[in-house]
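Have a look at the structure below, then the notes.
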Amino acid sequence: MWNIAQRNLKIYFRDRSAVFFSLLAVFIIIGLYVLFLGDNLANSLKDAGEYAKPLVNNWIVAGLLAVTSITTTMGAFGIMVEDRAKKMLKDFAASPIKRSSLAGGYILSSVFIGIIISIVALILIETYVVVDGGQLLTLLKLLQVLGIIVLSVISGTALVFFLVTFFRSQNAFATASTVIGTLIGFITGIYIPIGSLPDAVQFVIKVFPVSHAAVLFRQVFMEQSMADAFANAPAEVSKSFQETMGVTYSFGDFTVSPLMSILVLLATTVIFYLLAILNLSRKNK
């Protein structure tokens, strides 16, 4: 398993274009916020005064990291699709390597790649925040963010692994990757505050597993800036802001807790790994 994972890691990081395109979504979204969306969001939060910019920046950071957990693992699983297209999976199957070790190698390498690229994205984004006048994360918050990165990448890997089991050609996978990479930001709620969207769209975002990673990231990144901005405001104002910006999710009077968001990601991991294994087993019969 580890040998397969090492091989995939070497292939991935040797291809500089693959690494670049894994980070391309980060660059594009940062560009959109710097040029267009950032100022519009900050202007819509004029009541927050000097804290409007930190609130927006931290909101952006959280959404970017959630999206990165999907886009990077898709790039990593491209190696598996390429191997299948080149019939290399059949060669592996004819070797002493167990099928479980082979699948485990692809999963392990994708998790490592997702975590590494997400950490690189975190460094780039935090650099942008500091240059824009923000503050670095404290050590405790950094550890929390790293923990959420690991959880979101593992969950994203399971989701992408299941999708990859349906692809046998590189062209089909590349097309799907482009479509998913384009849509993921919308269905995770990182371009427009969720409170500005119709109820039906809000529901789709709230039940989409990756969006729960975004919620967890927002709660860590925005905690201090929200405390500063709403220090003298009624609790209802802060609650309304959190629901509008997707810092918390509510279904009627029920509010989703951080623990429940973690459980959603864990359940997603288990369910989609099992579905992927079942699909692979069915195809191998």
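The values are calculated or read from the model by the stated rules, or taken from the named source; none is laboratory data. All figures in this text were calculated on a predicted structure; none of them were measured in a lab. Backbone-built Cβ (ideal geometry, glycine too); neighbour counts: all protein chains shown.
Is it fair to say T255 is hydroxyl-bearing (S, T, Y) and either within 21 Å of V56 (Cα to Cα) or surrounded by 15 or more Cβ atoms within 10 Å (Cβ to Cβ) (or both)? Can you show your working first?
Numbers: hydroxyl-bearing (S, T, Y): yes; either within 21 Å of V56 (Cα to Cα) or surrounded by 15 or more Cβ atoms within 10 Å (Cβ to Cβ) (or both): no.
Taking the combined requirement at face value, the residue does not satisfy it.
May I ask you to list the residues in the range 176-195 that are in a helix (DSSP H, G or I) and closer than 16 Å to V61 by Cβ?
Of the residues in the range 176-195, the ones in a helix (DSSP H, G or I) are 176-187, 194-195.
Once the filter is applied, which keeps residues that are in a helix (DSSP H, G or I) and closer than 16 Å to V61 by Cβ, the range 176-195 yields only G185.
Checking the structure you have, find out if any residue of the range 252-269 is out of contact with any Pro (no Cβ under 6 Å at 6 or more places or on another chain), at positive phi and not aliphatic (A, V, I, L, M).
yes
Return the total of residues in the range 113-169 being part of a loop (DSSP other than H, G, I, E, B), aliphatic (A, V, I, L, M) and surrounded by 13 or more Cβ atoms within 10 Å (Cβ to Cβ). Please lay out each step first, then the result.
First, pick out the residues of the range 113-169 that are part of a loop (DSSP other than H, G, I, E, B): 132-138, 165-169.
Pick out the ones that are also aliphatic (A, V, I, L, M) and you get 136-137.
Cutting the leftovers down to surrounded by 13 or more Cβ atoms within 10 Å (Cβ to Cβ) gives us 137.
Result for the range 113-169: 1.
I'm checking my understanding of the structure. Among residues of the range 235-259 that are touching a Phe, Trp or Tyr at 6+ places or on another chain (Cβ under 9 Å) and not small (G, A, S), which one is modelled with the lowest pLDDT?
Quick first cut of the range 235-259, residues touching a Phe, Trp or Tyr at 6+ places or on another chain (Cβ under 9 Å) only: 237-238, 241, 243, 245-247, 251, 255-256.
Now restrict to residues that are not small (G, A, S): 237, 241, 243, 245, 247, 251, 255-256.
On the way: V237: 82, F241: 86, E243: 90, M245: 88, V247: 91, F251: 90, T255: 90, V256: 93.
Once the filter is applied, the top-ranked residue is V237.
Here are S100, S110: which of them is in a helix (DSSP H, G or I), of a type in the set (S, T, Y), at pLDDT 85 or above and out of contact with any Pro (no Cβ under 9 Å at 6 or more places or on another chain)? Give the derivation first.
Values: S100 fails: at pLDDT 85 or above.
Of the residues listed, the single one that is in a helix (DSSP H, G or I), of a type in the set (S, T, Y), at pLDDT 85 or above and out of contact with any Pro (no Cβ under 9 Å at 6 or more places or on another chain) is S110.
Just to be sure before I move on: is K239 closer than 23 Å to Q144 by Cα, without any contact (Cβ under 8 Å) to a residue 24 or more places away in the chain, of a type in the set (K, R) and surrounded by 15 or more Cβ atoms within 10 Å (Cβ to Cβ) in the structure I sent?
Details: closer than 23 Å to Q144 by Cα: yes; without any contact (Cβ under 8 Å) to a residue 24 or more places away in the chain: yes; of a type in the set (K, R): yes; surrounded by 15 or more Cβ atoms within 10 Å (Cβ to Cβ): yes.
For K239, the condition - closer than 23 Å to Q144 by Cα, without any contact (Cβ under 8 Å) to a residue 24 or more places away in the chain, of a type in the set (K, R) and surrounded by 15 or more Cβ atoms within 10 Å (Cβ to Cβ) - is met.
State all residues of the range 211-252 that are farther than 21 Å from N57 by Cβ, in a helix (DSSP H, G or I) and not small (G, A, S); if no residue qualifies, say none.
Here is the first cut: in the range 211-252, the residues farther than 21 Å from N57 by Cβ are 212, 232, 234-236, 239, 249-252.
Among the residues that remain, those that are also in a helix (DSSP H, G or I) are: 212, 235-236, 239.
Result: H212, E236, K239.
How do the pairs read when you match residues in the range 74-97 that are under 20 Å from I113 (Cβ atoms) with residues anywhere that are modelled with pLDDT under 65 and acidic (D, E), using Cβ under 9 Å and keeping only pairs 6 or more apart or on different chains?
D83/D91
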